[in-house]
Amino acid sequence: MLARRFLCRRQLWHASCICTPVRHTQSQRVSQHALDTINLETRLPAPVKREPQRQPFAKNLFLAAFDHVFMYYPEPQTKDRHQRFFEWLQPIEKYMSECLDDLENIRKDDVLAHLRELGVFRACVDEQYLGLNLNHSESARLVEVLSCLPWLGCYMVKNHILPVYIISTLGSAEVKEKYLPKIATGEFVPTVCFTEPENGINTRNISTTAAQSDCGTHWILNGEKTFVVNGHDANLFLVFSHCGHSHAIITTQTALSVFLVEREFGGVVSEDVKNLVGLRDSPVCTVVFKDTKVPKENLLGGIKSGTNILIDILAPGNRNLAAQAVGTLKGFTKILTRHVIQRKHLDRNLHEFESTQEVIGKMASTLYGMESMLYYTTGIMDTFENQDCTLEKAMVETYCASECVARIYEGLQIIGAQTYLRENPYLRVFEDALSYTLFDGYNIDSNTYIALVGLQHVGKNLRHHIFKLRNPFNFPNYILKWMLGKDHRILLKTADHLHPSLASGSTELEKCITRLQTVSVLLLERHGTDVAERQMELRRIGELATRTFALTAVLSRASRAYCIGLRNHEHDRHMANSFAILSIDKVQVLADEIVAGEWNNGDKFNKTVAELMYDKKDYFAEHPLNRTY
């Protein structure tokens, strides 16, 4: 609750094995053309049986409590389901590879039409509604493949996965039966509307209202929504609004509701279509609802069901950015590698320069870490029943989004002047990647969120210990014993659960976990409940925790690759040990800055300078060429 209250106050909310024909009861609701042109016969075997829920893994890292079950990289699919899924995915991968090789000639409508024929929009719909019901890992893999065209990954998330999730969570059986089959076949293109023109994404100031009609058969919807992704193409809108009797609606107090609005209901106008800096084929627009009559059964869930699900879908980790970032960086890596191999510099092959090799090597290492974290997290969610992965998802999303941007920027410096030609795709990919940190996500706030969730867990479990540390004169014996033993390295015996060749990496991992636990207790000892206002220190501990989690996922993946004999498993081992060395260096710096305190790490200076800038409303320093004589 501490993290949620902080986020709301900051107003962050601006996310059978045989292929046989199967008869679906919903087919009568779907047009015959859709049934004829889309492959609806593919069915996936039953998913892996989930194990009982375990203690939250990432949260417990803040306590230096390590569940060794999570040291083994998860296997989220049975053998049969794995085979059938990748058979279904193969033609999609082939088509996306062809699109990547011919970027100048692809058209959005053609791409979407072909993907519809391949059954892509069946992905996250339940099987009884003509869908495939992919699990988290399979869904992430599909988004990754599609995100080699970044606008397409965005489209899949914003116009399929997110709307389907809301309808599946809140919709009645009748609503699901009516709309989900048509979404699966592409007849309905849904989009979500929550941003207001004046208020942004602020759950307390949404002005859109739905008043109950006098006859009680429908709702009268009025309002305006901005930043609606692909709103001009959509014909089904999930609208967040206040509702009730017209004389009783108080927009600042009434809870939010979610309405399912078809364009054919009337009174729906899309206007002011705007292209973004990146994601050029996923424009946004303003959608105006004017006395739109919405049937009463199209209210999803209860009258007060909208607030919690809006906070849920916009929370860090729930915006499906990680898979998009992995796919985008993979696509750029392919383009960059081809460019480097073909180009010469100073009469030498460009790929022979160490500076180039450094950038390519870091890109591969980072991509390895991003993949490891993403599928480690989705694998945990698919393996354990109702597993608490709040922190894991936020860490993966934050890390993947920021690292994707950083690595692409470094790659552009190798390309040089060719980057600045609009006819080339390089800068366009960078602009697309920027959306993960500027448009869809906000990494500064995400790191704060990660830190607060972790510290809240520490506070709940170590409250008596922290209380004694904050009152040393009342517990002198306890403080003395704690001081004599506080500098030891916690022995977690992670090496016992990894391949022996990764022993050095496991040692570095234990050092990272020890430092994370030490600085977590230190921050709560210093600031108590006021820690939510210390965003500079929270940013550091959020990054520290994320690096520690990333190292865990990398070592787990490399150990699995080596043990089962995957191709290039020797390279996995080298990459994991290299990742461990880099991680401990960054973790050490972050931990030292936290321990040093604001007077010694520059935080106090930054606050003072910022206040002076606010006072002057401009840069305050005199120009170095100015004189007083």
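The values are calculated or read from the model by the stated rules, or taken from the named source; none is laboratory data. On a predicted model such as this, the values are computed, not experimentally measured, just so you know. Backbone-built Cβ (ideal geometry, glycine too); neighbour counts: all protein chains shown. Just so you know, the surface numbers come from the protein's heavy atoms only, side chains and all, with ligands and any DNA or RNA stripped out. Shrake-Rupley method; radii C 1.70, N 1.55, O 1.52, S 1.80 Å.
Observations
- The residues 178, 296, 393, sorted by heavy-atom accessible surface at 1.4 Å with ligands and nucleic acids left out, run 296, 178, 393 from largest to smallest.
- Close Lys pairs in the stretch 190-314, defined as Cα atoms under 22 Å apart and 8 or more places apart or on different chains, number 8.
- One chain, two ends: residue 352 and residue 264. Fully extended at 0.36 nm per residue, the span grows by 25.6 nm beyond their Cα-Cα distance.
- For the stretch 30-186: lysine pairs under 29 Å (alpha-carbon distance), excluding those fewer than 8 apart on one chain: 15
- Of [x] 35.8; [y] 26.6; [z] 77.6, the label for mean projected area of the Cα convex hull in nm² derived from the coordinates: [x]
- Alpha carbon centroid spacing (whole Å) that separates the stretch 282-330 from the stretch 148-186: 10
- Packing-based ranking of 216-225, 424-433, 335-344, 181-190 yields 181-190, 424-433, 216-225, 335-344, ordered from highest to lowest mean Cβ neighbour count within 10 Å.
- Ranking by accessible area, most exposed first, for 499, 623 with a 1.4 Å probe: 623, 499
- Order of exposure, largest accessible area first, which applies to 233, 67, 618 with probe 1.4 Å: 618, 233, 67
- Summing Cβ point charges (Lys, Arg +1; Asp, Glu -1) relative to the Cα centre of the chain gives a dipole of roughly 1420 debye.
- The modelled label-to-label distance between residue 503 and residue 83, using points 7 Å beyond Cα along the C-beta direction, is 3.9 nm.
- When the chain is described by a simple charge dipole with +1 on each Lys and Arg Cβ and -1 on each Asp and Glu Cβ, the residue from 444, 171, 321 located farthest towards its positive end is 444.
- For residue 574, solvent-accessible area (1.4 Å; no DNA, RNA or ligand), Å²: 100
- Per residue, in Å², the accessible surface of the chain once ligands and nucleic acids are set aside, probe 1.4 Å: 47
- Inter-label distance, residue 93 to residue 308: 4.0 nm, where each label sits 7 Å from its Cα along the C-beta direction.
- A crude spin-label estimate for the pair residue 563 and residue 114, with each label 7 Å from Cα along the Cβ direction, gives 4.1 nm.
- Residue 536-residue 463 FRET efficiency (beta carbon distance; Förster radius 35 Å; 0.05 resolution): 0.90
- Packing-based order for 121-133, 526-538, using average beta carbon neighbours within 10 Å, highest first: 121-133, 526-538
- Cut-off 16 Å (backbone N to label point 7 Å along Cα→Cβ of residue 232), residues of the stretch 284-313: 284-288
- The distance separating the Cα centre of the stretch 98-120 from that of the stretch 584-606 comes to 48 Å.
- Applying 0.36 nm per residue to the separation of residue 46 and residue 613 and subtracting their alpha-carbon distance, the gain on full extension is 198.1 nm.
- Dipole axis of the chain (+1 Lys, Arg; -1 Asp, Glu on Cβ), positive-most option in 300, 357, 591: 591
- Between the beta carbons of residue 589 and residue 205, assuming R0 = 41 Å, the FRET efficiency works out to 0.50 to the nearest 0.05.
- Here residue 605 sits with roughly 140 square angstrom of accessible surface, probe radius 1.4 Å.
- Among the protein heavy atoms of the chain, carbon and sulfur supply 52% of the accessible surface, probe 1.4 Å, non-protein parts ignored.
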